[in-house]
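Working notes, structure below.
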Amino acid sequence: MPVHDPKRNLIRGAVWTIGTRWVIKGLGFVNTIIMARLLVPEDYGIVAMGMLVVGLVQTFLDFGPSTALLRKSEVSRDEIDSAWTLGILQAAAAGLLLLITIPLAEAYFTESRLRFVLLALAVSVIFVSFSNIGLVLARKEFIYTLDFNVSIATKLASVVTTVAAGWWLHDYRALVLGIVAGYTVPVFLSYWWHPYRPRWNTSKIVEIWQITKWLTVARVGQFIMRQGDQFVAGRIGTTHEYGVYNVGSDFGQMPVGEVGPAMLRALLPVLSSMEDDQQRTNLAVIKTIAAVNTVIWPIGLGFMAIAAQATEIALGNNWVDAVPLVSLFALVSVVQTITSPANTLLILRGHTRSQSQVVWIEFVSFVLASVMLVPYFHLVGLALARVVSSAISSLTALRYTRKICQLPISPILAVIFRPMIGAILMYGLVIWVLGAIHSAAIGLVAGIGCGAIFFTLWSLLSWHLVRRPEGLESTMMDKFVQWRGKGALL
């Protein structure tokens with residue numbers, strides 16, 4: 001068992017998970033560059049519709065067994081095996097429900113090719129549920145290398161399968177085969193690389209349900225909130241338009257979506273180790289919010305500024321229509337992540353009912369905003385509605401954590417506004433650079449370079465002006481001092 005040091009474990013977890021996600025996304029980026037030129041938006045639209053149905057069914061039947069294990073400081077063998085058993089039961093129910101919903105999905109999206117997609121995914125969902133729960137135990141014990149190895153090997157298998165099938169089939173079936181490979185490979189690797197051997201056990205399932213029942217309600221609301229626009233887009237747009245919307249959404253959210261959640265993945269097990277000390281826990285949450293915002297604001301707004309160039313380079317000329325969506329969803333990913341550590345605190349303290357209320361408030365906000373915006377902006381209106389509802393959700397989460405967990409709002413707003421202002425100024429600078437340089441390639445490189453330098457200087461200067469609070473800047477400066485000290489000794 002690693003030495004217990006919450007700050008060190010949180011930093012190590014963030015570094016490993018961010019590294020994992022970046023490598024995975026790097027492989028996915030290569031995959032996207034190739035496949036976007038082999039396939040057309042309509043192919044992506046068909047598979048995205050199938051994945052949307054799968055996600056909805058799984059969400060309604062996901063009782064969060066892994067979360068139940070991670071939020072407790074100590075767990076028994078019965079609890080571990082019951083969590084694994086519950087995962088299999090809920091996956092079997094999801095697979096059966098997917099088969100039943102195939103005719104409904106075909107009718108809703110008016111797309112007969114969904115049958116093949118849903119049949120393949122139904123089998124995959126059931127199979128992947130047999131994965132070794134030892135992977136969750138490794139995360140709980142702060143052993144992040146195992147997750148890294150399994151994730152990278154799985155992504156490699158998926159990419160190779162997708163590209164090979166793409167050259168052979170040249171249609172949506174290539175994407176389906178890649179997804180199936182991604183579901184299949186981790187099952188074998190989980191048993192090969194972790195010694196734990198789960199057994200069928202139902203003795204603690206009721207207890208797990210008691211812990212996570214409201215979390216399940218929150219997860220349903222969160223999925224509907226995060227993917228509700230996709231259901232509307234798939235209904236009101238053509239398969240081509242939906243393909244553009246889906247890829248634009250995924251591509252726009254990719255930079256922040258793969259960094260922000262990765263930074264938070266280690267937060268719950270770390271906070272659970274100090275849950276008896278409320279003041280210490282709240283301080284850790286504030287510091288995490290500071291670190292997350294220092295990273296996501298420049299990445300998100302920087303990607304907004306270069307959305308047109310990035311889309312053309314990564315996806316090709318067939319995807320020019322996706323540029324406004326890429327830009328807006330880059331902003332969505334920032335707004336919905338800025339207070340995520342507060343949601344983790346609600347889970348830790350057992351206030352999953354309150355968290356579910358936050359999610360459903362966001363959903364209602366999205367519906368109202370969509371009603372007002374979609375008639376004027378069509379699919380772009382859905383993206384604008386996501387921006388509005390995400391902002392309302394973040395503010396609501398802060399209000400709940402202040403009331404229930406005594407988490408003060410003033411220091412949180414301070415650590416949010418400082419990087420936000422810097423990122424807004426950086427955005428303006430990058431747009432100016434891109435407009436001033438006629439060469440698209442040179443302008444893109446110059447814009448990214450100028451933006452990175454400006455935000456780094458802004459962060460350091462503003463950090464000194466606010467009397468150098470502990471956070472990401474202080475951690476980086478400590479590491480720099482240590483590095484210089486070692487260099488001097490050498």
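Points to keep in mind about this one:
- The residue pairs whose first member lies in region 121-133 and is under 14 Å from LEU89 (Cβ atoms), whose second member is among the acidic types (Asp, Glu) and in a helix (DSSP H, G or I), and whose beta carbons are closer than 9 Å, counting only pairs six or more residues apart or on different chains, are ILE133/ASP81.
- Filter pass, GLY252 being under 14 Å from the mean Cα position of the chain (by Cα), under 23 Å from LEU384 (Cα atoms) and modelled with pLDDT of 85 or more: yes
Residue-wise test of (1) surrounded by fewer than 22 Cβ atoms within 10 Å (Cβ to Cβ); (2) under 18 Å from ILE179 (Cα atoms); (3) touching an Asp or Glu at 6+ places or on another chain (Cβ under 7 Å); (4) of a type in the set (Val, Ile, Thr).
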residue	(1), (2), (3), (4)
ILE24	yes, yes, no, yes
VAL30	yes, yes, no, yes
GLY45	no, yes, no, no
ALA92	yes, no, no, no
THR110	yes, no, no, yes
VAL117	no, yes, no, yes
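- Filter result for the condition that a residue is of a type in the set (A, V, I, L, M), farther than 24 Å from ASN201 by Cβ and either at pLDDT 90 or above or not in a helix (DSSP H, G or I) (or both), over LEU56, LEU89, LEU98: LEU98
- Selection status of SER354, at pLDDT 90 or above and surrounded by 20 or more Cβ atoms within 10 Å (Cβ to Cβ): no
- When region 437-458 is limited to residues that are among the β-branched types (Val, Ile, Thr) and assigned to a helix (DSSP H, G or I), the one that is nearest to TYR427 (Cα to Cα) turns out to be ILE448.
- Any hit, region 159-181, residues being among the hydroxyl-bearing types (Ser, Thr, Tyr), buried (at least 16 other Cβ atoms within 10 Å of the Cβ) and not in a helix (DSSP H, G or I): yes
- Residues in region 232-252 that are buried (at least 21 other Cβ atoms within 10 Å of the Cβ) and either farther than 17 Å from VAL53 by Cβ or touching a Pro at 6+ places or on another chain (Cβ under 7 Å) (or both): GLY243, VAL244, VAL247, GLY248, PHE251, GLY252.
- Any hit, region 391-403, residues being within 18 Å of the chain's Cα centre (by Cα), under 16 Å from LYS287 (Cβ atoms) and polar (S, T, N, Q): no
- Yes/no for ILE80 being β-branched (Val, Ile, Thr), assigned to a helix (DSSP H, G or I), at pLDDT 85 or above and out of contact with any Pro (no Cβ under 6 Å at 6 or more places or on another chain): yes
- Matching residues, region 102-155, being under 11 Å from SER190 (Cα atoms), at pLDDT 85 or above and either assigned to a loop (DSSP other than H, G, I, E, B) or acidic (Asp, Glu) (or both): PHE130, SER131, ASN132, ILE133
The values are calculated or read from the model by the stated rules, or taken from the named source; none is laboratory data. What you see is a predicted model, and the numbers here were worked out from it, not measured in a lab. Every residue, glycine among them, receives a Cβ derived from its backbone with ideal geometry; neighbour counts consider all protein chains shown.
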